[in-house]
1. Go through the stretch 44-59 and count every residue that is buried (at least 18 other Cβ atoms within 10 Å of the Cβ) and either of a type in the set (Lys, Arg) or within 23 Å of Thr134 (Cα to Cα) (or both).
2. Check Leu81, Leu67 and return the single one that is outside any loop (DSSP other than H, G, I, E, B), at pLDDT 95 or above and closer than 13 Å to Leu116 by Cα.
3. Scan the stretch 55-67 and report the pairs whose first residue is within 15 Å of Gly24 (Cα to Cα) and whose second residue is modelled with pLDDT of 95 or more and of a type in the set (D, E, K, R), with Cβ atoms within less than 7 Å and a gap of 6+ or a chain change.
4. All but one of (1) part of a loop (DSSP other than H, G, I, E, B); (2) over 19 Å from Leu52 (Cβ atoms); (3) modelled with pLDDT under 70; (4) not polar (S, T, N, Q) hold for Lys86, so report the exception by its number.
Amino acid sequence: MKVPSIGLALPIYQGTNQYTLSLGATTYFAHQQMGQGNYVLAGHNMTMPGVLFSNVPQIKMGATVNLISATKVYHYRVNRLLTGKKAVTPNQTYINGSPVSTSVLYQQPKQAMVTLFTCNATGSMREVVQGNLTSTSAE
């Protein structure tokens, strides 16, 4: 994945756990597919500029997020920036078998989108960046 405006370039690892988070961006859901639905990526904020998702809070509206597969590049344009505890509720994911709809992680969009999230510098809140798919190109 790449976010040119902040110099972010990281590999994407399947599954979110302490090991994969220490290596790069991680897929939050097991069966996500680039270019479909809400593609959610988590990453650590190491509070050191340029390390993992530390620069994600600097992303501005209109920035480009590129997700790169073996055959395609998916281009997203940032259209939503959120900060706060209620933006992401990963610890309460289901109520009576249904996804918690108040969390940005569980949005079911009509248009393909990407969601990036990380802790803020103190770890007390979450920084969330979302964007809609604008185009795809060959890798």
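The values are calculated or read from the model by the stated rules, or taken from the named source; none is laboratory data. This one's a predicted model, so the numbers in the text were calculated from it and none came from an experiment. Glycine gets a Cβ as well: all are built from the backbone with ideal geometry, and neighbour counts include every protein chain shown.
1. Total satisfying the criteria: 4.
2. Going through Leu81, Leu67 in turn, just one is outside any loop (DSSP other than H, G, I, E, B), at pLDDT 95 or above and closer than 13 Å to Leu116 by Cα: Leu67.
3. Listed by first residue and then by second, the contacts come to Asn66/Lys2.
4. (1)
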